[in-house]
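J.: Dropping the structure in here first, questions after.
The values are calculated or read from the model by the stated rules, or taken from the named source; none is laboratory data. Computed from a predicted structure; not experimentally measured. Note that each Cβ is placed from the backbone with ideal geometry, even for glycine, and that neighbours are counted across all protein chains shown.
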Amino acid sequence: MMRFAIPGAEWELRLNDDVLETFRSRAQVRRQSAETVGQLYAPLLSAREVEIQTATVLQPKSANRTRVVIEKSLAERERTAMFEKGMHCAGVWHTHPEPYPSPSSDDRQLAEDYAQAAATAGLAGVVFVIVGTETFPAGIFVGIHDGQVMHRATII
């Protein structure tokens, strides 16, 4: 399990071992690997400790080594199905073919779109994870986007 502090927040984020294994198994360690994308789910979003218990893998609309596009209708259907199982979408994750990932302008726009959609449900932001090729924790970017700004979480 990995734990993260969020700048200015009174809650912490936890990524459980199953989620971390999903990330590790999809890291772009081969030169020809395409980016992978998925969504993050937690049973509670308003707890002092928000634990991401499930990281799904979505079939993308398109994907290559340096870009992935979400199939929005599949993502929406997945969120509905997971909600019926008591799980709430907390955010999105994807891979980058670099050791120490950081958000691109496309990533920031995707996170902002998710955060603005979450705001309509009364949520303060969304979790945004990028998995690089380096081992964790160095090879993972974890942020929270509040609809305006991406806040980088720090490992604790």
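J.: May I ask you to verify whether residue 56 is touching a helix residue (DSSP H, G or I) at 6+ places or on another chain (Cβ under 7 Å), touching a residue at least 60 places away in the same chain (Cβ under 8 Å) and not basic (Lys, Arg)? Step through it out loud before you land on a result.
T.: On the way: touching a helix residue (DSSP H, G or I) at 6+ places or on another chain (Cβ under 7 Å): yes; touching a residue at least 60 places away in the same chain (Cβ under 8 Å): no; not basic (Lys, Arg): yes.
Here the answer is no, as residue 56 does not meet what is asked.
J.: Could you please give the count of residues in the range 1-33 that are within 13 Å of residue 140 (Cβ to Cβ) and at pLDDT below 95?
T.: So the answer is 0.
J.: Turning to a different aspect of this structure: Only one of these conditions is not met by residue 113: (1) within 15 Å of the chain's Cα centre (by Cα); (2) in contact (Cβ under 8 Å) with a residue 12 or more places away in the chain. Which number is it?
T.: Residue 113 satisfies every listed condition except (2).
Residues are listed down the side, and each one gets a yes or a no for (1) among the acidic types (Asp, Glu); (2) assigned to a helix (DSSP H, G or I); (3) under 22 Å from residue 69 (Cβ atoms):
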site: 80; (1), (2), (3): no, yes, yes
site: 86; (1), (2), (3): no, no, no
site: 110; (1), (2), (3): no, yes, yes
site: 136; (1), (2), (3): no, no, no
site: 143; (1), (2), (3): no, no, yes
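J.: Looking only at the range 19-30, decide whether some residue is in contact (Cβ under 8 Å) with a residue 40 or more places away in the chain, farther than 17 Å from residue 128 by Cα and either part of a helix (DSSP H, G or I) or not hydrophobic (A, V, I, L, M, F, W, C) (or both).
T.: Filtering the range 19-30 for residues in contact (Cβ under 8 Å) with a residue 40 or more places away in the chain gives 20, 23-24, 26-29.
Remaining after also requiring farther than 17 Å from residue 128 by Cα: 28-29.
Filter once more, so that each one left must be either part of a helix (DSSP H, G or I) or not hydrophobic (A, V, I, L, M, F, W, C) (or both): 28.
Yes, because at least one residue in the range 19-30 is in contact (Cβ under 8 Å) with a residue 40 or more places away in the chain, farther than 17 Å from residue 128 by Cα and either part of a helix (DSSP H, G or I) or not hydrophobic (A, V, I, L, M, F, W, C) (or both).
J.: Right, another one. Quick check on residue 33: is it free of Cβ contacts under 8 Å to residues at least 12 places away in the same chain, of a type outside the set (A, V, I, L, M, F, W, C) and within 24 Å of residue 99 (Cβ to Cβ)? Even if it seems obvious, please write down each step before you answer.
T.: Values: free of Cβ contacts under 8 Å to residues at least 12 places away in the same chain: no; of a type outside the set (A, V, I, L, M, F, W, C): yes; within 24 Å of residue 99 (Cβ to Cβ): yes.
Against the criterion (free of Cβ contacts under 8 Å to residues at least 12 places away in the same chain, of a type outside the set (A, V, I, L, M, F, W, C) and within 24 Å of residue 99 (Cβ to Cβ)), residue 33 does not qualify.
J.: Further question: In the range 112-125, how many residues are part of a helix (DSSP H, G or I) and out of contact with any Gly (no Cβ under 6 Å at 6 or more places or on another chain)?
T.: The number of residues fulfilling the criteria is 5.
J.: Considering the range 98-156 alone, what residues qualify as being surrounded by 22 or more Cβ atoms within 10 Å (Cβ to Cβ), more than 16 Å from residue 5 (Cβ to Cβ) and β-branched (Val, Ile, Thr)?
T.: Scanning the range 98-156 gives 126, 130, 131.
J.: If a residue must be over 19 Å from residue 141 (Cα atoms), of a type in the set (D, E, K, R) and within 15 Å of the chain's Cα centre (by Cα), how many such residues does the range 79-110 contain? Spell out the reasoning first.
T.: Filtering the range 79-110 down to residues over 19 Å from residue 141 (Cα atoms) leaves 79-88.
Next cut, of a type in the set (D, E, K, R) only: 79, 84-85.
Filter once more, so that each one left must be within 15 Å of the chain's Cα centre (by Cα): 79.
Residues that pass the stated criteria total 1.
J.: Also, I was wondering about something else. Here's a check for you: in the range 120-140, which residue that is polar (S, T, N, Q) and more than 15 Å from residue 93 (Cα to Cα) is nearest to the chain's Cα centre (by Cα)? Step through it out loud before you land on a result.
T.: Our first condition is that a residue be polar (S, T, N, Q); within the range 120-140, this holds for 120, 133, 135.
Going one step further and asking which of them are more than 15 Å from residue 93 (Cα to Cα), we end up with 120, 135.
Working: 120: 19, 135: 17 Å.
Among them, the one singled out is 135.
J.: Still on this structure, I have one more. Just give me the residues in the range 34-56 being surrounded by 15 or more Cβ atoms within 10 Å (Cβ to Cβ) and either farther than 25 Å from residue 5 by Cα or at pLDDT below 95 (or both), in sequence order.
T.: Within the range 34-56, 34, 35, 36, 45 meet the criteria.
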